[in-house]
Each structure stands twice: as structure tokens, then as C-alpha cells.
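The values are calculated or read from the model by the stated rules, or taken from the named source; none is laboratory data. All values reported here derive from a predicted model rather than from experimental measurement. Positions of Cβ are backbone-derived with ideal geometry, glycine not excepted, and every protein chain shown enters the neighbour counts.
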Amino acid sequence: MSMRFYLGGLCLILVLGALLFPQNSDESQRRSATVAEIKDNISQKRVPVEAVSLASQFNNASRINDEEFDWKSRLQFFVLGAQKAGTTSLFKYLGEHPYIAPPLPKETRCWNVQFNPSDPYCEKYFATERFRNLYPDYITGDCSPGYLYKQNVIPRIKNTYLHARFIVSLRDPTERAFSQYKMNHRNGKLDISFDSLCLTELETFRRLGLLSHWTFPPEFSNTDGLSESKMLEMYMLAKVNTTDLAENFASPRMLKSWRKLQAEQGRNHLRAGLYAFQLRGWLKAFPREQFLVFTSNEMSRDTNGVMKRIHAHLGVPHVPLNDTDPMNTATGHSTENPEISNQMRQILTKLFDPFDKMIAVVLEDDKWNDPWAR
């Protein structure tokens, strides 16, 4: 009798619970589907591929325990750059996804200036209690925009995170260079004009052979002691053979000049905008499908559209952003900054246009024939 009374009471409680606290079956199904999708996309599409690579390296490494193996498999992507191309905003947008946990700080530089051969997987930033307490299927990545340019990073990442995904944001190289200059000017790191800075870099390009497709007026055969105004005149009058660059872009001579430029000490405002060379180095080491490349203009114009592509590239469900305001725009300082001269803008257009056309060749994508119109 008491058992029947107990069971009857239990049934009554269950019925009342269902009436008082109804479950939205559609919402529950959607939530379950989202969780299933994220587990499928991350755990099945990404982690096992990485795990196979990592496991082969760890079989004979007794110091690696299961917990360390787990955090290594979670590092799934790298934002390579470019500098001053919206990567700070991108870092913010990535961090708003419930299953993406960016590192702190934004730029670990673990595979560049902070590289430590005794910690090639960057345990310092990615094996932390902050990550251990997150959703079990989270992914993370590194957002150090200097990686795109610093080609010594490539073998270090290839030796550790071979199957990572790469995200690259590109910006008109003239605007990118001027933005970097203005930032350094505001911070007191530069006390020269933008024209002077660019002329110094251009002369380095010329000395190393990167301007072999330029023809300079004969009266400027000797540039020793030339004033800045005369140097500007020389570069304004120079003729550029775009066809010659296209035919010799990947020649041993040109690639040797590029390697010399990378080893050269000095400012990188212009050299950091030679994207075709930079992308070529990365694509020699990793398959094209591991890269998602877009422009900062695309991100500004359609932030959620680009983020949807990024989420798909990373294998996570798309979660629209609530706040798409960009960061680090420095609009409050615009009146304090100098303007780029018309002469230098024309010179830099002559410099970058032929190299920009090589981006489509390197990416094997005709949509990049006019990259800054995207």
C-alpha cells in the first residue's frame, strides 16, 4: 500500500513539474544540435588529425602526459597578420565565440621573438588553469600579426602544429605602412617624415635588387648626396616594368633579394607590405586549404559575413556578433598626425601595384587580381 502511495505521489510530482516548468522542445533540440555540431566539427574534424600528428611525436616522450597532450590538441589556429590590418578587432571578435578561447595576451609571439626551444609548443600561455576550466571542446589559437612577415616562424609552427588553420587579413600596403608610421609617430618612436622613412626603405630595396624592374633616369646614376626633394623626383620619374616583375617574381635572383631584405636591419614599414613574398613562404610549407585570406576592407564592410567564413574555416558553428565596432582605429588622434604626400602616394603605388598582382598568382585565385577593390 505504501509503495503504491509512493509511486502515485512520484507520478503526480512529475506531472506537476511538466505543467509548471514546460520544456521548449524546439529550443532544446536546437541546443542539442549545436552542441553535437561543435563536438563533431572540432573533435572529429580537427583534433583527431592533429592528434595523429602529435601522437607520433609523443610515443617516445615519457615526459608528455595526457593533460599536456590535450592542451596541445586544442591550439587549432594562428592569426598570422598582417600588422595594422585589423587583427586587434579580429582578436576581439574571435573571443566572443563561446567555443573559442584566445590566449592572454593577444600577441604571445611564442614562435617569433619569444621563441624558446625548450618550450616549442608554448606551454607558458596555453597550458593554464584558465583554459582547463573552459568548455571541454574549446579551441584556441595564437594572434601574433608579425608571424606573416617573420618567415623564421614557419618551420617552428610546422614542427609543432602541422595541421593548424591560418587566418590572414591583408590591407592596402600603402595605407598599412602609413598607419604603422602614424602609430610610431604618436608613440614618439619616430621623429622623421614619412617621405624620409620611405625613401630610406626604397633605397634598401634598390640596393638589394628588389627594384630590378625599375628604370631610373640616367642623370640619377649617382645618388650620393642627393637631397630629399631630388630623391623624390628620381622615384617619380622612374619607369616600372610590370611584365618583367611578373616573369621574374619567383626567380632565384628575386627570391635571393627577398631573403636579403628579411635579414636586413631597419624599418619594415614598406617591406611588411610585400604580401606575395610572405604568402609564398607559408604556402610552400602548408597546403592552401589551411589558409583563409581576406582584406581588412571586407571585414569593415561585412564583419559578420567574414566572421561566418572564419568560423567555418575553424570548424565551429557561426555565432553572429552583437558588437562589430572595430578597435585600435585611433580616430581621436587623427588631427595630430601628418598626412601622406601626393608624391609619396604615387611612388608607393608604383612600388606595390606590381607586387600586389602577384598575390593572385601565389593564392591561385583570380579574385585577388585587384585585391584592394574586394
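Among the candidates F126, F115, F77, the residue that is more than 25 Å from T295 (Cα to Cα), hydrophobic (A, V, I, L, M, F, W, C) and out of contact with any Pro (no Cβ under 8 Å at 6 or more places or on another chain) is uniquely F115.
Any idea which residue in segment 304-316 is surrounded by the most Cβ atoms within 10 Å (Cβ to Cβ), counting only those that are touching a residue at least 40 places away in the same chain (Cβ under 8 Å) and touching a helix residue (DSSP H, G or I) at 6+ places or on another chain (Cβ under 7 Å)? Across segment 304-316, the extreme among qualifying residues is V316. Among the criteria (1) touching a helix residue (DSSP H, G or I) at 6+ places or on another chain (Cβ under 9 Å); (2) more than 22 Å from T140 (Cβ to Cβ); (3) surrounded by fewer than 16 Cβ atoms within 10 Å (Cβ to Cβ); (4) modelled with pLDDT of 95 or more, the one N342 does not fulfil is (1). The combined condition, being surrounded by 14 or more Cβ atoms within 10 Å (Cβ to Cβ), of a type in the set (S, T, Y) and at pLDDT below 95, is fulfilled by T324. For segment 227-269, taking the residues that are polar (S, T, N, Q) and more than 25 Å from L190 (Cβ to Cβ), the one that is surrounded by the fewest Cβ atoms within 10 Å (Cβ to Cβ) is identified as T243.
If you check L279, L321, L348 for being in contact with a strand residue (DSSP E or B) (Cβ under 8 Å, 6 or more places away or on another chain), aliphatic (A, V, I, L, M), on the phi < 0 side of the Ramachandran plot and touching a residue at least 40 places away in the same chain (Cβ under 8 Å), only one passes: L279. Identify all residues within segment 81-114 that are over 28 Å from R271 (Cβ atoms) and free of Cβ contacts under 8 Å to residues at least 24 places away in the same chain; write none if there are none. Answer for segment 81-114, where residues must be over 28 Å from R271 (Cβ atoms) and free of Cβ contacts under 8 Å to residues at least 24 places away in the same chain: just G95. When we screen L237, L197, L226 for residues that are of a type outside the set (D, E) and under 28 Å from the mean Cα position of the chain (by Cα), the only hit is L197. Residues that are closer than 13 Å to Q151 by Cβ and in a loop (DSSP other than H, G, I, E, B) within segment 262-287 comprise N268, L274, F286, listed in sequence order. The requirement of being surrounded by 15 or more Cβ atoms within 10 Å (Cβ to Cβ), among the basic types (K, R), closer than 27 Å to H185 by Cα and out of contact with any Gly (no Cβ under 8 Å at 6 or more places or on another chain) is not satisfied by R207.
Filtered by the rule that a residue be farther than 16 Å from R165 by Cβ, modelled with pLDDT of 85 or more and acidic (D, E), segment 115-150 gives a lone residue, D119.
Do the conditions hold for N268, that is, is it over 21 Å from I340 (Cβ atoms), in contact (Cβ under 8 Å) with a residue 12 or more places away in the chain and not hydroxyl-bearing (S, T, Y)? No: the conditions fail for N268. Kindly indicate whether any position in segment 351-374 is of a type in the set (A, V, I, L, M), at pLDDT below 95, within 16 Å of the chain's Cα centre (by Cα) and surrounded by fewer than 16 Cβ atoms within 10 Å (Cβ to Cβ). Looking for residues that are of a type in the set (A, V, I, L, M), at pLDDT below 95, within 16 Å of the chain's Cα centre (by Cα) and surrounded by fewer than 16 Cβ atoms within 10 Å (Cβ to Cβ), one finds none in segment 351-374, hence no. When you scan segment 288-316, how many residues do you find that are closer than 13 Å to L94 by Cβ and not in a helix (DSSP H, G or I)? Total meeting the criteria: 2.
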